[in-house]
Amino acid sequence: MSEKQVKLSEEEMKTYRVQGFTCTNCAAIFENNVKDLPGVQDAKVNFGASKVYVKGNATIEELEKAGAFENLKIRDEKEQKVEREPFWKQKENIKVYISAILLVISWFLGEQYGEEHILPTIGYAASILIGGYSLFIKGLKNLSRLKFDMNTLMTIAIIGAAIIGEWGEGATVVILFAISEALERYSMDKARQSIESLMDIAPKEALIRRGKEEMMIHVDDIQVNDIMIVKPGQKLAMDGIVIKGTSTLNQAAITGESVPVTKTVDDEVFAGTLNEEGLLEVKVTKRVEDTTLSKIIHLVEEAQAERAPSQAFVDKFAKYYTPAIVILALLIAVIPPLFGGDWSQWIYQGLAVLVVGCPCALVVSTPVAVVTAIGNAAKNGVLIKGGIHLEEAGHLKAIAFDKTGTLTKGIPAVTDIVTYGGNENELMIITAAIEKGSQHPLASAIIRKAEEKRLDINGVSVEDFQSITGKGVKAKVNDQMYYVGSPNLFEELHKTIESNIKENITRMQTEGKTVMVLGTEKEILSLIAVADEMRETSKEVINKLNHIGIETVMLTGDNERTAKAIGKQVGVSDIQADLLPEDKLNFIKKLREKHQSVAMVGDGVNDAPALAAASVGVAMGGAGTDTALETADIALMSDDLSKLPYTIKLSRKALMIIKQNITFSLAIKLVALLLVIPGWLTLWIAIFADMGATLIVVLNSLRLLRVKE
């Protein structure tokens, strides 16, 4: 499908938010119910983000009817979140309280008159009906379609318990099941809160000046080019460019950087960031649905719908596992009595096996961990675009870094100035004044240095400016001809360079710096060394990665000498120099043959092929650059590598938790099933095993919220 078609189909699909999903199974049932609605051509449910995409015409009432089996609440995507009632007040939990009270009363009556008496039996039956009413409707519907899910298994087990006279246990199972569902709902809501909190970051209205009038306008009605006024202590509602004022902005919500950044005229600012001290006037550059924050939320929600490899395994496993449990339960209930066993005892054991067999904990083991990890990463300024990339990042053995703009700042800066005659500042003024006419990237570094030193370079008159191709420039200043260029230019001019000057040049070149020389036809006056500055965090990040057993490689188009100097400084374990973009791509392929799981970190523009070839493409500086957000599997929103070790740590922890969840949910089922052999398995133990496993799996996944840098 072409990009255009995808866009079209996305446009046609209307998005709604859903409240009340507890399990992937319910989400699948809801999706099918929506597809069956008249006027709906297609529907897709995103369980992680609690959203439904509908193609065609359907009212919110119709959608809620389709989700009535789970008491789902639907709202338009743009509509504000309705505050949920406190957990204990929710309608679906009230029937549990009534059912529990009836159970306790019936239990006392049973103690008084004996379990066989009609009064406790009526009490238990009422408790079963009130607590399990919606469960039975779902279960019986599924049974009529021969569809075996959790509701079907529970329905058979509870009705079976009543038939063989175990009314008390049937009622207890209903209540424990209802409690486990309520707690599951609560835990899933908690896992999704990280995204909900992202949505609440940006204000819903802003102070806009149109003409001479200032007014508060809802973000949906703000147009591109409107002027937004942001007072100190306020959050920005829209992305834009500062046109007046200077202030520090806390961008933690977008980039994860805790240190506020100074912004002034012509700087880009993002919705959801906090203006700390000055008054800013911002020209709006994007509509509300296109802001960086909206993009982050959209990408995170899409990411949560992506299936992780372990989830695909679990779903496949559950598909065969549930029917197998039903057959096993049937065999346990029928075969021993045929060989002289007690029918009611073995039917009871069979029913208990059905309850244990609920694949609830197993099915929820992966999605809860993925949703929680991706949400946590987004809050820390890291966009992971799907469960598959989260798991891949956890397997990484090697990471390749593009040098320019990734390990270094990508902006050349003057590092050394050595003078051999005259005043350093005067010589700097002459050099910068001449370089003003040059287009060379190193010229801008020299001009910046002169501005930093507050030197007046505009008062100098430069005449007869001429470029010497590939070597430098020459021009007249105060009737004296000066040359600025590479050491080669001066070797041609002077035939030889004095040994002490030559030594200085070689030393600086060995350190990975580019040396520019200022001189006349007769003498060399000063040397200026320029280098691409290392990012403050690069060395520390590489050190952390080496420490956790990841091979670090630096890829660069620079010459071997410069590359080695920088590679040594930063501490990477391997250096690859003189590379063209296609060489980077081939090197990544080779690295993948050696390690299987390899990441490439770049700025997402010229590194696109290599980013795509790596098992995980990581782009830096996602805030403000669409390319980085589109090409990469993981985007670091700040222009800083320090979030990389955190991402690896989070991914590894998520992998570990997913494995623990799957192992634990299968092990607890196995232990409970083994209790059938001595005939110890009761409905109580069965429901506790199922409910306990589900809760432990969810709570274990929520530990991912605590992973910090």
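What is the dipole size for the chain, taken about its Cα centre, with +1 at each Lys and Arg Cβ and -1 at each Asp and Glu Cβ, in debye to the nearest 20?
On the way: 77 positive and 90 negative charges, 253 e Å.
With Lys and Arg at +1 and Asp and Glu at -1, about 1220 debye.
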To the nearest 20 debye, the range 15-76 has a Cα-centred charge dipole, built from +1 on Lys and Arg Cβ and -1 on Asp and Glu Cβ, of 200
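Once you have a ≥ b ≥ c as the square roots of the Cα gyration tensor eigenvalues for the range 409-533, tell me rounded if a/c is under 1.5, and otherwise prolate or oblate according to whether a/b is larger than b/c.
Numbers: a/c = 1.44, a/b = 1.07, b/c = 1.35.
Rounded, because the longest to shortest axis ratio a/c is under 1.5.
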Across all Cα atoms of the chain, Rg and the largest Cα-Cα distance (Dmax), in Å, are 33.8, 120
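Using the Kirkwood radius over Cα pairs, work out the Stokes-Einstein diffusion coefficient for the range 205-290 at 25 °C and 0.890 mPa s, in µm²/s as a whole number.
Numbers: Rh = 12.6 Å.
For the chosen part, D equals 195 µm²/s.
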What residues of the range 16-43 lie in the reach of a label at residue 64, counting those whose backbone N is under 14 Å from a point 7 Å from the Cα along Cα→Cβ? 17-20
From the helices alone, meaning DSSP H stretches of at least four residues, give me the mean residue ellipticity at 222 nm for the chain, per-run term -39500 (n - 2.57), in deg cm²/dmol to the nearest 500. -16500 deg cm²/dmol
Roughly how many Å is it from the Cα centre of the range 499-565 to that of the range 287-362, as a whole number? 59
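With a 1.4 Å probe and all protein chains left in place, how much of the accessible area of the range 355-464 comes from carbon and sulfur atoms, in whole percent? Walk me through the numbers on the way to the answer.
Numbers: 1800 of 3820 Å².
That fraction is 47 percent.
Which helices count as membrane-span-like in the chain under these terms: full DSSP H, at least 18 Å along the axis by C-alpha, Kyte-Doolittle mean of 1.0 or more? The partial results should precede the final answer.
Numbers: long enough: 91-113 (34 Å, 0.66); 118-144 (32 Å, 1.03); 150-163 (20 Å, 1.84); 167-199 (48 Å, 0.19); 292-305 (20 Å, 0.38); 309-338 (44 Å, 1.17); 343-356 (20 Å, 1.09); 360-379 (29 Å, 1.46); 581-595 (21 Å, -1.60); 643-674 (46 Å, 0.83); 683-702 (28 Å, 1.87).
Once both thresholds are applied, what remains is 118-144, 150-163, 309-338, 343-356, 360-379, 683-702.
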Can you pick out the pairs among 244/453; 319/669; 502/568; 544/643; 231/286 whose Cα atoms lie more than 18 Å from each other? 244/453; 502/568; 231/286
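Charges at C-beta only: +1 for Lys and Arg, -1 for Asp and Glu. How large is the resulting dipole of the range 409-533 about its Cα centre, in Debye rounded to 20?
Numbers: 14 positive and 19 negative charges, 43 e Å.
Its charge dipole is roughly 200 debye.
Roughly what % antiparallel, to the nearest 5, for the DSSP beta bridges in the chain? Let's see the in-between values first.
Working: 71 of 90 bridges.
Percentage antiparallel, nearest 5: 80.
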Please state the Cα pair-distance histogram of the range 461-503 with 5 angstrom bins from zero: what percent is in each bin? 6, 22, 25, 21, 16, 9, 2
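What pairs in 397/653; 436/474; 51/235 have C-alpha atoms more than 18 Å from each other?
Values: 397/653 15 Å; 436/474 12 Å; 51/235 27 Å.
Beyond 18 Å between Cα atoms: 51/235.
The values are calculated or read from the model by the stated rules, or taken from the named source; none is laboratory data. This one's a predicted model, so the numbers in the text were calculated from it and none came from an experiment. Neighbour counts run over all protein chains shown; Cβ positions are idealised from the backbone, glycine included. Ligands, DNA and RNA are excluded from the accessible area calculation, which covers all protein heavy atoms including side chains. Shrake-Rupley method; radii C 1.70, N 1.55, O 1.52, S 1.80 Å.
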